[in-house]
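The block underneath contains the structure these notes are about, expressed in structure tokens.
The values are calculated or read from the model by the stated rules, or taken from the named source; none is laboratory data. For clarity, every value in this text was computed on a predicted model and none was experimentally measured. Ideal geometry is used to build each Cβ from the backbone, glycine not excepted, and the neighbour counts take in all protein chains shown.
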Amino acid sequence: TQLLEQSPQFLSIQEGENLTVYCNSSSVFSSLQWYRQEPGEGPVLLVTVVTGGEVKKLKRLTFQFGDARKDSSLHITAAQPGDTGLYLCAGSNAGGTSYGKLTFGQGTILTVHP
Amino acid sequence: DAEITQSPRHKITETGRQVTLACHQTWNHNNMFWYRQDLGHGLRLIHYSYGVQDTNKGEVSDGYSVSRSNTEDLPLTLESAASSQTSVYFCASSTFRTSGRVGEQFFGPGTRLTVL
């Protein structure tokens, strides 16, 4: 069974601060996705990374896939209250019996105070 | 617009009762998934389906069943509800992968189930 360890589990910061969320595994994944979830709603995809060492930017959010495709990070610059939510990483292996399935980390609850 | 819906949004039931949670998608996706979400555990896969008449067990399938009679629906049944099954349940759907990449999963709004 592949596991994804996400840290920290809780993060409470002030508006304007920077933060990083980590997602680590001992297993190799063919792709890694990051989702954001708001209260009372389902998760929504932010980004998919597929190549070791890949970096993707989405406005103030920067996503990185580790060179060995075992880990990923999400960095938010100058956090805003609108960034508040639950952030989930999810790994997948595109082949074999694991096709189409995602393994989720435990999630990081981010609260950004005005 | 295509969407994925779940019903009911909230459900309270008693231990031992059979409960069915509905999931309906209009994306025409072949893949459908059921997850439960509990604090500290993220999303855990219960059952999934790659198409009509196909169902597979996920990592926490005990006490749950699904059936896929058409593309649009994947109902989740709790055969005999237990207090340990109190949770928030999410249904999701996705396309077949293309170019070696796993497709985005689209999630429903969730069903909050309480078993007393």
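Write out, first by first residue and then by second, each pair whose Cβ atoms fall under 7 Å of each other, whose residues are 6+ apart or on separate chains, and whose first residue, in region B:1-14, is exposed (fewer than 12 other Cβ atoms within 10 Å of the Cβ) while the second is of a type in the set (Phe, Trp, Tyr).
B:2/B:27
Condition (residue is over 27 Å from residue A:5 (Cβ atoms) and of a type in the set (D, E, K, R)) applied to region B:52-61: is it met by at least one residue?
yes
Any residue at all in region A:79-99 that is farther than 28 Å from residue B:87 by Cα and within 10 Å of chain B (Cβ to nearest Cβ)?
Checked region A:79-99: at least one residue is farther than 28 Å from residue B:87 by Cα and within 10 Å of chain B (Cβ to nearest Cβ).
Hey, any hits in region B:48-57 for a residue that's within 14 Å of chain A (Cβ to nearest Cβ), out of contact with any helix residue (DSSP H, G or I) (no Cβ under 9 Å at 6 or more places or on another chain) and within 30 Å of residue A:9 (Cβ to Cβ)?
So far as region B:48-57 goes, yes, one or more of its residues are within 14 Å of chain A (Cβ to nearest Cβ), out of contact with any helix residue (DSSP H, G or I) (no Cβ under 9 Å at 6 or more places or on another chain) and within 30 Å of residue A:9 (Cβ to Cβ).
When only residues in region B:13-37 that are touching an Asp or Glu at 6+ places or on another chain (Cβ under 7 Å) and assigned to a loop (DSSP other than H, G, I, E, B) count, which is nearest to the other protein chains (Cβ to nearest Cβ)?
Selected residue: B:26.
So that you can scan it fast, the table gives a plain yes or no per residue for (1) at pLDDT below 95; (2) within 10 Å of the chain's Cα centre (by Cα); (3) among the hydroxyl-bearing types (Ser, Thr, Tyr):
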site	(1), (2), (3)
B:39	yes, no, no
B:46	no, yes, no
B:51	yes, no, no
B:56	yes, no, no
B:68	no, no, no
B:74	no, yes, no
B:78	no, no, no
B:81	no, no, no
B:85	no, no, no
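Within region B:76-91, identify whether any single residue is closer than 19 Å to residue B:7 by Cα, crowded, with 22+ Cβ neighbours inside 10 Å, in contact (Cβ under 8 Å) with a residue 24 or more places away in the chain and out of contact with any Gly (no Cβ under 9 Å at 6 or more places or on another chain), and answer yes or no.
Yes, some residue in region B:76-91 is closer than 19 Å to residue B:7 by Cα, crowded, with 22+ Cβ neighbours inside 10 Å, in contact (Cβ under 8 Å) with a residue 24 or more places away in the chain and out of contact with any Gly (no Cβ under 9 Å at 6 or more places or on another chain).
Could you tell me which of the residues A:19, A:45, A:4 is within 10 Å of another protein chain (Cβ to nearest Cβ) and either over 24 Å from residue B:50 (Cβ atoms) or touching a Ser or Thr at 6+ places or on another chain (Cβ under 9 Å) (or both)?
Going through A:19, A:45, A:4 in turn, just one is within 10 Å of another protein chain (Cβ to nearest Cβ) and either over 24 Å from residue B:50 (Cβ atoms) or touching a Ser or Thr at 6+ places or on another chain (Cβ under 9 Å) (or both): A:4.
Does region A:33-54 hold any residues that are charged (D, E, K, R) and assigned to a loop (DSSP other than H, G, I, E, B), and which are they?
Result: A:38, A:41, A:54.
Does residue B:40 count as under 30 Å from residue A:11 (Cα atoms), buried (at least 19 other Cβ atoms within 10 Å of the Cβ), among the small types (Gly, Ala, Ser) and at the interface with another protein chain (Cβ under 10 Å from one of its Cβ atoms)?
no
Please determine, by comparing only the residues of region A:22-32 that are within 13 Å of chain B (Cβ to nearest Cβ) and part of a strand (DSSP E or B), which one is surrounded by the fewest Cβ atoms within 10 Å (Cβ to Cβ).
Looking at residues that are within 13 Å of chain B (Cβ to nearest Cβ) and part of a strand (DSSP E or B), I get A:31.
Would you confirm whether or not region A:55-63 contains a residue that is in a loop (DSSP other than H, G, I, E, B) and within 11 Å of chain B (Cβ to nearest Cβ)?
Checked region A:55-63: no residue is in a loop (DSSP other than H, G, I, E, B) and within 11 Å of chain B (Cβ to nearest Cβ).
Quick one: in region B:92-102, which of the residues that are more than 7 Å from chain A (Cβ to nearest Cβ) and surrounded by fewer than 23 Cβ atoms within 10 Å (Cβ to Cβ) is modelled with the lowest pLDDT?
Applying the filter and picking the extreme gives B:99.
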